[in-house]
Ligand SMILES: *Cc1c(COP(=O)(O)O)cnc(C)c1O
């Protein structure tokens, strides 16, 4: 028998305990998400350790991109681990505040910030990265009306190109994000903006995300450092306070190995953008997926199994509502699936090819197609690893499918697994409250009554 990897053994332990405590139950609780809070803390430490800290080079401010997992207890854990928070909407800003992040450790990036959102951010003293020349003008007018403690930067689109997933590539020549630095005239226009606006003291870039090679990301950062150097040359030392290099470290969805690591990325940054670490510029980062993805999984019951056209299909309770990207973009976002018996013990029978389907009413609602797995049976559990970011924390309300419960998991010194509720499951009978209607579950209809015959 091959040895079980520690991460897989840990999932199995958590799953068994969740079944024992009936956090997963074939009648009551068909789907749940789990966030390994010890794992989150360890990943945050790895991030801190990867970036240089010395008397000459103060440690970076690492912010967590809230969109990757915006659940307040998760944000709170990251705050305790010394991170700040990157937000892109009023809703994410509200969550960051609720998690206790001080305004000075919140960074507000977004391409469509409203006047009211900017006013609020500037009043709070949240860092703002402007996305366009028009936004810079809007900020300039707001600062004319009222002073602010906010640090203000501008997002550069360094136009270094895209990665394997077009939707995740933010530094293509026509990307909607930032000021496109290599478009004719823009570099000069942006330099003039720095000349006109003494409050403009940061540069920001985020080259992209899943699917982007590390050297592409590092080359994007190198362009941002280069531009900062140009501002410094034009207006003097100290004119640029810092560089926000964004996030985007890709995640390995193929197995439990954490690769690439933050340390590998820092090596690439040192090679391509050595000026980032020479102590002239403060550094901010905005990682999301790489901090959370591998620290979360979801588990769902198999309700039925069937065969169609010769192919076995397991119909489960996890589908498009919690794996939206995978369902709509299965080639770009493949996920692993693991098979467990009703007690949460890994099934080890000989694999057969089968489809793993979700509960929603469209044919494409599949977690995996033609996947070799031990034969699943009704009442079994499927586990979907690597879903701590952008999956169950970001539910899609198709078919009025409710949001599943999410639990935080910690392992005590005694080896005991302890759960905390991070988000309660939505009760389907209360979904109509959002429509202004309260419906109570109907009394059971007596057998035979009202049947159409
Ligand atoms: C989404 C996003 C991030 C985080 O990206 P990850 O790939 O999750 O690390 C960081 N910065 C900005 C501006 C983003 O839009």
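Brief remarks follow.
- DSSP bridge analysis restricted to the chain gives an antiparallel fraction near 45%, rounded to the nearest 5.
- Extents of segment 221-273, largest first, come to 49, 18, 14 Å (Cα atoms, principal axes, whole angstrom).
- Taking the C-alpha atoms only, the angle from helix 37-50 to the longest principal axis of the chain is near 30 degrees.
- Counting all C-alpha pairs of the chain, share separated by more than 38 Å (%): 30
- The convex hull defined by the C-alpha atoms of segment 1-105 has an orientation-averaged projected area of 10.1 nm².
- Stokes-Einstein diffusion for segment 358-407, with the hydrodynamic radius set to the Kirkwood value over Cα pairs and evaluated at 4 °C in a medium of 1.567 mPa s, equals 98 µm²/s.
- Note: segment 57-106, Cα convex hull, 69 Å³ per residue.
- Computed over all pairs of different Cα atoms, the Kirkwood value for the hydrodynamic radius of segment 37-291 is 18.2 Å.
- Relative counts (whole %) of C-alpha pair distances in segment 280-373, using bins that are 5 Å wide: 3, 11, 20, 23, 17, 10, 5, 3, 3, 2, 2, 1, 0
- Mean separation of Cα contacts under 8 Å (6+ apart) over length of segment 37-291, as relative contact order %: 19
- The convex hull built on the alpha-carbon positions of segment 118-222 has an orientation-averaged projected area of 6.8 nm².
- Antiparallel beta bridges, as assigned by DSSP with both residues in segment 37-291, represent about 5 percent of the total such bridges.
- Compactness relative to 2.2 N^0.38 Å, alpha carbon Rg of segment 54-204: 1.08
- Each helix, a run of at least 4 DSSP H residues, gives -39500 (n - 2.57); summed and divided by the residues of the chain, these come to -8500 deg cm²/dmol at 222 nm.
- By the count of neighbouring beta-carbon atoms within 10 Å, fewest first, 140, 393 end up ordered 140, 393.
Rule-based calculations on the coordinates, nothing more; no lab input. Keep in mind the model is a prediction, meaning the values are calculated, not measured. We place every Cβ from the backbone using ideal geometry, glycine too, and count neighbours over all the protein chains shown.
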